[in-house]
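The structure appears right after this line, and notes come after that.
The values are calculated or read from the model by the stated rules, or taken from the named source; none is laboratory data. This one's a predicted model, so the numbers in the text were calculated from it and none came from an experiment. Note that we place each Cβ from the backbone using ideal geometry, even for glycine, and neighbour counts take in every protein chain shown.
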Amino acid sequence: MRSRTYRLEAEGELSDQIGRLFDGMSVRRTHGNTELVGVVRDQAELHGLLKRFADLGLTLLSVDTIDGEARH
Amino acid sequence: MARAGLSKAVLGGEGRAVADLRPTDVLPPLAEAKLAAPRQRAGMVDRPRIAKALEAGGDAALTLVAAPAGYGKTTAVRAWCASSETALAWVTLDLGDNDPVRLWTYVATAVDRIREGLGRRALQRLRLSGISIETAIDELMNGIAGYDRDLTVVLDDLHTITDAGCDASMRYAIERLPPTARLILITRVDPPLELARLRARAALAEVRADDLAFTSAETRELLVDRAGLPLNGDEVEVLHRRTEGWPAALYLAALWLRAVGDPHRAVHEFGGDHRFVAEYLSQEVLASLDADERSFLLHAAVLQRFTAEVCDGVLGRSDSAAVLADLEDSNLLLVRLERREWFRVHSLFAQFAATQLAASGPGSVIDIHRRAAAWFRSRGLAVEAVEHSAAAGDHDVVADVLTQYHLALIRNGGSATLLRWVRTLPDDCLVEHPELAVAAATAATVIGRLTLERRRLLHLASRAQVDRPERFGVYAEAAMAMVRAAAVDSGVGQAVSDGRRAVELAETGPDDVLVAARASLAQALYFAGELDAAWDAASRAVRHPDAVRCAPGYAFAQATLALVAADRGQMTSARAHAETASAVVGKLTSSRSWLGANAAVAIGAVLEGEGDLAGAERAFAHAERFFRDDVATVSHTRSLIRLAEVRCQRGRLDEADAALREARDAIVELVDGGTVSRSAALVATAIARTRRRAGRAALVETPSEAELAVLRLLVTDLSARQIGAQLFVSPNTVRSHTRAIYRKLGVRSREDAVARASALGLVR
């Protein structure tokens, strides 16, 4: 199982504080939404992140993998 | 689950000094709070629309209420139940219920509360190891069908159930609900229950986020009518649009706007903002509180569960009761729990509050956890103490508390909980706490299928014996010998030595281990073929004045007594012992455990002796399944041999061969299997003899097609009536075909017919 860089997009702008709950991921606010980008070791970790989303009541807009370097 | 139970009982003695609290007090495994329908919260808006939707779903067997956190699912269902006339069985599920036996025990108990006796047969079935869960569910459905009025079963927090066996059992149950009953499932995640199929059959009613979201009108009712906010139509609409009707957000908004100076401006700013709604509102609400209340709430959110007393103690105050009373009004922030006097902060809000506190300095959160841990510990509330210490990262404190309470946990079904916490501790910590390492090894043994983990833990304890002899006392040594004996890791001969050593050490002082030590010795002696000595050791184990409280050891010893009695042909005695073992296991833990497997072997031996071969095979199969591990073990090998033997008796020779082959492969790996080689050889001979006997008589005449059809079903457990139902003929026809088959195959019994048929290749 290799690690991948994932990009998760949530509806609504999240503060950096909340972003810290997804440790290891960078937080970027775009108009009305938030992008979380980071290296995810394996599927178990990914599902942990998704559960975090659900627990916070966030609406998940998309989940993507990114090739190469993580975007700033 | 051991969680609520453990603290509950200790709480019952509020005010007792630590010295009075015996860490080994016996506690009721079923937590009452899970069976109580949640109290209705005051100040919630009526949702007649939702009640109607729930009412309309009454014709469907299953109603699914699925939405994320904060949508008022539980509130809505609770309100509907109260207003309708239905009899109600409510179970709030949690992580500890991820076992079909546990899950359905709760459901059956709740049903039984409606009218005593409705769930009794199901509960009886559930207590017997090795009985399929489907049988128990059938009994429960029969019980429910016997109640002639409408009955509703509600399962709340279904999303905590992730076990595949539980899912399968629920699918089975849904298909068999009587017409007067309905099942309401409340969850945050759609369960894997073939919903599409149920939808197509109109057997499913749904209430989802869209339904639960507040409409504009309901939003107006909440904000203007209830909260008294002077908002106009547009402003209400801004709030409705921005929150998308999310109830939790709207209740937060109501709180916030009631406190601000200029609600119109606040709404306007909110409307133009893009921040995630829940965070925005949580922070605004926090900002609207006075400094003291805010600080109180932020710190309380870290505590997870608390009373006024806890808050006073941990936060260094004396007025928590008053503050809580004030805050309770805003019942979205604070939720009162079923356990009297206890509260928690609403989970959604708590998450945002926690990050707020963390921002002001990471040390502050850890500090609260530390103080909470110390406070809970001083009151003997072990579970909370461990949770907070773990959250603070204080491994040593966690280890200390677990060591102190390990017996209470193991004796009250908390083995899985104990092991879960121990896994978070670094090796060095366990070497400093060898008693805990051994306790965890015991827990791993009771649960089963954790041989490698147990060996690792025992290895750490051995290291302690060498490196930290001052921390490795007689108790640790006795317990370690006991676990080694029970696990039989180094062969049967060594297990007998370990068992004797354990008993010897336990007799000199640490009495707590004595029952388990004797039980382990008994098993080892039994495996070595020394029946009399095994009987003696096991009898002493159960005669100990404290035997019943030492539940795992007691069940273990009873199972061995049953096996010895069965070997001696004393079936009445064997049955009594086997049933006792089963009952204890049923109350203590899941039948799908090592302990459960032990009880299952005992039951199997009894059924075999009584002639119920089908039942015996089922029991042995259950045992085989739950003895199976990453490495070969004596228990598993023996269960395979028993399985082979009963299959041979039933004429299922190919299956018998398969089990025996597996057993022989395992024997090669065993260091010293006791009597297994001998037993395997005996079964091999029996199989060969049965094959010969089956093949000896010449085939008198070939059976007809119709007779072959019956023959194929004779190899199963079905009765003549059931076979007739499958083949669309009368039971009498089945019987006459059967007689013809016997004549043509030259046999006189069903078992022989099966054996002969398989030997001749007439059936696959």
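Summary of computed values
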quantity: Selection status of A:Glu13, farther than 23 Å from B:Val189 by Cβ, modelled with pLDDT of 90 or more, more than 12 Å from chain B (Cβ to nearest Cβ) and crowded, with 18+ Cβ neighbours inside 10 Å; calculated: no
quantity: Residue list for the range B:194-211, restricted to those being closer than 22 Å to B:Ala164 by Cα and acidic (Asp, Glu); calculated: B:Glu194
quantity: Top-ranked residue in the range A:16-37 [being at the interface with chain B (Cβ under 10 Å from one of its Cβ atoms) and among the β-branched types (Val, Ile, Thr); ranked as farthest from B:His274 (Cα to Cα)]; calculated: A:Ile18
quantity: Failed item in (1) surrounded by fewer than 20 Cβ atoms within 10 Å (Cβ to Cβ); (2) modelled with pLDDT of 90 or more, with B:Val422 passing the rest; calculated: (1)
quantity: In the range B:438-459, the residues that are under 15 Å from B:Val631 (Cβ atoms) and in contact (Cβ under 8 Å) with a residue 60 or more places away in the chain; calculated: B:Thr445, B:Gly448, B:Arg449, B:Leu450, B:Thr451, B:Leu452
quantity: Test result for A:Val27, without any contact (Cβ under 8 Å) to a residue 24 or more places away in the chain and aliphatic (A, V, I, L, M); calculated: yes
quantity: Subset tally (residues that are over 26 Å from B:Thr243 (Cα atoms) and either out of contact with any Gly (no Cβ under 7 Å at 6 or more places or on another chain) or within 14 Å of chain B (Cβ to nearest Cβ) (or both)) for the range A:48-72; calculated: 8
quantity: Single unsatisfied condition, B:Val236 versus (1) aliphatic (A, V, I, L, M); (2) crowded, with 20+ Cβ neighbours inside 10 Å; (3) assigned to a helix (DSSP H, G or I); (4) touching a residue at least 24 places away in the same chain (Cβ under 8 Å); calculated: (4)
quantity: Residues located in the range A:20-51, provided they are over 21 Å from A:Asp67 (Cα atoms) and among the small types (Gly, Ala, Ser); calculated: A:Gly32, A:Gly48
quantity: Filter result for B:Thr187 (in contact with a His (Cβ under 8 Å, 6 or more places away or on another chain), among the polar types (S, T, N, Q), within 14 Å of another protein chain (Cβ to nearest Cβ) and surrounded by 15 or more Cβ atoms within 10 Å (Cβ to Cβ)); calculated: yes
quantity: Matching residues in the range B:374-397 - criterion: being farther than 15 Å from B:Gln304 by Cβ and not in a helix (DSSP H, G or I); calculated: B:Arg379, B:Gly380, B:Gly393, B:Asp394
quantity: Candidates A:Arg52, A:Arg41, A:Arg20 - the one that is surrounded by 13 or more Cβ atoms within 10 Å (Cβ to Cβ) and more than 20 Å from B:Val189 (Cβ to Cβ); calculated: A:Arg20
quantity: Residue list for the range B:423-437, filter: part of a helix (DSSP H, G or I) and without any contact (Cβ under 8 Å) to a residue 24 or more places away in the chain; calculated: B:Asp428
quantity: Qualifying residue in the range B:27-34 (condition: modelled with pLDDT of 70 or more, more than 14 Å from every other protein chain (Cβ to nearest Cβ), part of a loop (DSSP other than H, G, I, E, B) and crowded, with 21+ Cβ neighbours inside 10 Å); calculated: no
quantity: Test: B:Arg121 is touching an Asp or Glu at 6+ places or on another chain (Cβ under 8 Å) and either part of a helix (DSSP H, G or I) or buried (at least 16 other Cβ atoms within 10 Å of the Cβ) (or both); calculated: yes
quantity: The listed residue being assigned to a helix (DSSP H, G or I), under 37 Å from the mean Cα position of the chain (by Cα) and of a type outside the set (Lys, Arg), out of B:Leu255, B:Leu222, B:Leu250; calculated: B:Leu250
quantity: Pairs with Cβ under 6 Å, 6+ apart, first in the range B:356-372 and more than 14 Å from chain A (Cβ to nearest Cβ), second among the polar types (S, T, N, Q) and outside any helix (DSSP H, G or I); calculated: none
quantity: Members of the range B:258-281 that are under 42 Å from the mean Cα position of the chain (by Cα) and at the interface with chain A (Cβ under 10 Å from one of its Cβ atoms); calculated: B:Arg275, B:Phe276, B:Val277, B:Ala278, B:Glu279, B:Tyr280
